[in-house]
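Heads up, the thing below is written out as structure tokens.
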Amino acid sequence: MKKTYGVEVDCANCAAKMEEAVKATAGVKDATLSFMTLKLKVEFEDGADVDAVMKEAYKNCKKVEDDCEIFL
Amino acid sequence: MTAKQKKVLYRIIISAILLAAIWIVSEFVDMPWWLEGILYLVPYFVIGYDILKKAVKGILKGQVFDENFLMAVATVGAIGLKDFREGVAVMLFYQVGELFQSCAVGKSRKNIAALMDIRPDYANVMVDGNLEKVDPDDVEIGTEIIVNPGEKVPIDGVVIEGNSTLNTSALTGESVPREIACGDEIISGCINLTGAIKVRTTKEFGESTVSKILDMVENSSMKKSRSENFITRFAKYYTPIVCYSALALAILPPLVSLIIGISPEWQKWIIRALTFLVISCPCALVISIPLSFFGGIGCASTNGILVKGSNYLEALASTGYVVFDKTGTLTKGVFEVNGVFAENGFGNHELLEYAAYAENASSHPISLSLKKAYGAKIDSDKVSEITEIAGHGVSAMVDRHKVYAGNLKLMNKIGVEVINEHNDGTVVYVAVDDKYAGCIVISDVIKPTTKQAIEGLKSQNIKTVMLTGDSKAAADRVAAEIGIDIVKSELLPADKVAEVEKLIANKNPKERVAFAGDGINDAPVLSRADIGIAMGALGSDAAIEAADVVLMDDDPAKISLAMRIAIKTLRIVKENIVFALAVKLVCLVLGALGIANMWVAIFADVGVMVIAVVNATRALRLKKQK
């Protein structure tokens, strides 16, 4: 399953780090974050609990880049 | 400017004024170093408090080696070494650079947002006799909607009442309005210009053209190019490497000096290490590459070319072959009379007239094209005894003349000698009163821009190939007329895939093979080619799905335009990578050797970034070709 979220982040490098952090979250198959459109596209593993996974992904993002926001 | 950007701007102005004031005062008034230091700390904190906060937070979370960390260490270090001015200046210019970058990115986003402006907000639906504005998402298939002049067509559908003209420029880049009348299919995203029309929707909003296009544009920057991935990977290793190098630069030379018994000069080496850190900031690269691609995709969009991802833009720039489908791509895919060859004393117009009258009763595309070519109104009282001769043609009495119109077999059957035989396209032979009158060639018409498209590609040293299921004669005629390099005719759809695969296997590995088709029956080839280019997204869903690049207005000349945009974008990307890395490397070496001071470092950081970003925004604009 795929879902798209809006994000807020100030620099391209931070966006790349957030992308890595989301990718590394359990339950996420693949993720791409476009700094230019400020959109995060997440592909979930089959049967993953989307809300729980995204909460975890958000926490991971906050860890690498404090000044960011994902609009869940 | 957003509120956030304005706040930064004010901070920059205040801190710049403070810095200048303290600098001037300290030149004339003698004050102790600690007082000067405290004074400089004011503009330093005004400009840098958020960076320091972020750096501390990062360290606490184990995230060192980001830009904030680099800047915090460099400026705190400089102030610690009593280089107050440099410390404040580094932070100040860093923020100027960040603000500039943020504005440039915001501007590019706005450019793309203007394109997104095609999203319709409402649809007018008749509810209980009143016109109501409803969310297009809630409109079911088959609903009748009203589109007033000046409004966007919200959902794809068929006009059932009214005439108007449509502005399709947001979708196609084409500025000439399109005439529409009752019965015409119209697509969402166009703007209705002159009259109110009633439309019966044929799709849901989510399946309508406008939704698909928006979806495609929004997702285009998700597919990252190799250059973008390269930079992301590069930044991951680069920042730790320079940080450790800086640390080594601060510690090793003094230690070595101590061991061999000369003065360690700690301060000198620490300053060099800090300079090194400021220079090393990778922002110029990290931002300018995606910005360039974004600009390139935006530029293509405004010209009616939708590119589905940066990776395809990259592939377009290294295209070596463009393979075309013939019908619907190079030609219009509609039949028209292409040649009239009268014989035995008949005039061309006379010949057309007899043929059109004889075929009057038929609604076959060939009859229609004959009638269209004849042009004048047909007086059906003049025709009688129309008989269809299956598999051969028709016979009829036209103005008391016995007319036969049909294929070669018909002429042989009635025993009329054909003088001028033709074999490309569909040929209608005509005999009048058992005398051969001539023939009319009906064939597909080449698009007006096709020739220019092929010439454009050839001038870019790209080889052109045409694949078609059509007969050899018809294919060769078209190929000769437009000057295409390689022609393969009489192919089945599966053969087209095989031909493209052969090309891909035999080409130079650096070159890419693009296939341009009309997207309806070419989906397998579109997805097999390195770059699938679909013609005429207007009306064809399969095109948007299967292709990597979609030309909104069927114009094959847009292919060479797309390539020019791609090549320009890639050139900008390369310029930025080479320029930024070269300046940084030179400055890093100079910094390590102690030749470059902190001011040079500021240029290498902020100056390079500003130049790279300005260069990147060039990708948005396209010079008109002479």
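Observations on the model:
- Charge dipole (region B:80-164, unit charges on Cβ, about Cα centre) - positive-most of B:Gly157, B:Phe84, B:Phe100: B:Phe84
- Neighbourhood charge, 14 Å Cβ-Cβ cut-off, centred on B:Lys496 and excluding it, Lys, Arg +1 and Asp, Glu -1: -4
- Spatially, region A:1-62 and region B:91-144 are offset by 23 Å when compared through their Cα centroids.
- Listed peptides B:121-129, B:43-51 appear in the order B:43-51, B:121-129 once ranked by packing, highest mean of other Cβ atoms within 10 Å at the front.
- Pairwise label distance in nanometres, B:Glu343 with B:Leu131, each label 7 Å out on the Cα-Cβ vector: 6.1 nm
- Relative to the dominant Cα principal axis of chain B, helix B:33-60 is inclined by about 50°.
- For B:Lys402, a cut-off of 20 angstrom between C-alpha atoms picks up these aspartates and glutamates, skipping any fewer than 8 places away in its own chain: B:Glu343, B:Glu350, B:Glu353, B:Glu359, B:Asp379, B:Asp381, B:Glu385, B:Glu388, B:Glu417, B:Asp433, B:Asp434.
- Measuring max minus min along each principal axis, the C-alpha atoms of the protein assembly as shown give extents of 120, 66, 56 Å (largest first).
- Electrostatic dipole magnitude of the protein assembly as shown [Cβ: Lys, Arg +1; Asp, Glu -1; Cα centre; debye, to 20]: 3040 debye
- In nm, spacing of pseudo-spin labels at A:Leu72 and B:Ile59 (7 Å Cα→C-beta vector): 3.1 nm
- Cα centroid of region B:45-73 to Cα centroid of region B:494-520, whole Å: 51 Å
- Global form of region B:117-221, assessed from the alpha-carbon gyration tensor, a/c cut-off 1.5: oblate
- Peptide A:34-42 has a mean of 6 when you count, residue by residue, the C-beta atoms of other protein chains within 10 Å of its C-beta.
- Gyration tensor (alpha-carbon) shape descriptor, region B:1-87, a/c threshold 1.5: oblate
- With K and R counted +1 and D and E -1, the other residues having a Cβ less than 10 Å from that of B:Ser560 yield a net charge of +2.
- Average projection area in nm² (convex hull over Cα atoms of region B:434-508, one quarter of hull surface): 6.9 nm²
- In the structure shown, the pairs A:Lys63/B:Lys224; B:Lys4/B:Lys223; A:Lys55/B:Lys53; B:Lys447/B:Lys623; B:Lys308/B:Lys507 are assessed against 27 Å; a Cα-Cα span above that value is assigned to B:Lys4/B:Lys223.
- In nm, spacing of pseudo-spin labels at B:Glu140 and B:Asn412 (7 Å Cα→C-beta vector): 5.9 nm
- Total formal charge among the other residues, if their Cβ is under 11 angstrom from that of B:Lys435, Lys/Arg +1 and Asp/Glu -1: -3
Laboratory data are not the source of any read-out in this text; all were calculated from the coordinates shown. Everything numeric in this text was worked out from a predicted model, so none of it was measured. Here the Cβ is made from the backbone with ideal geometry for all residues, glycine too, and neighbour counts use every protein chain on show.
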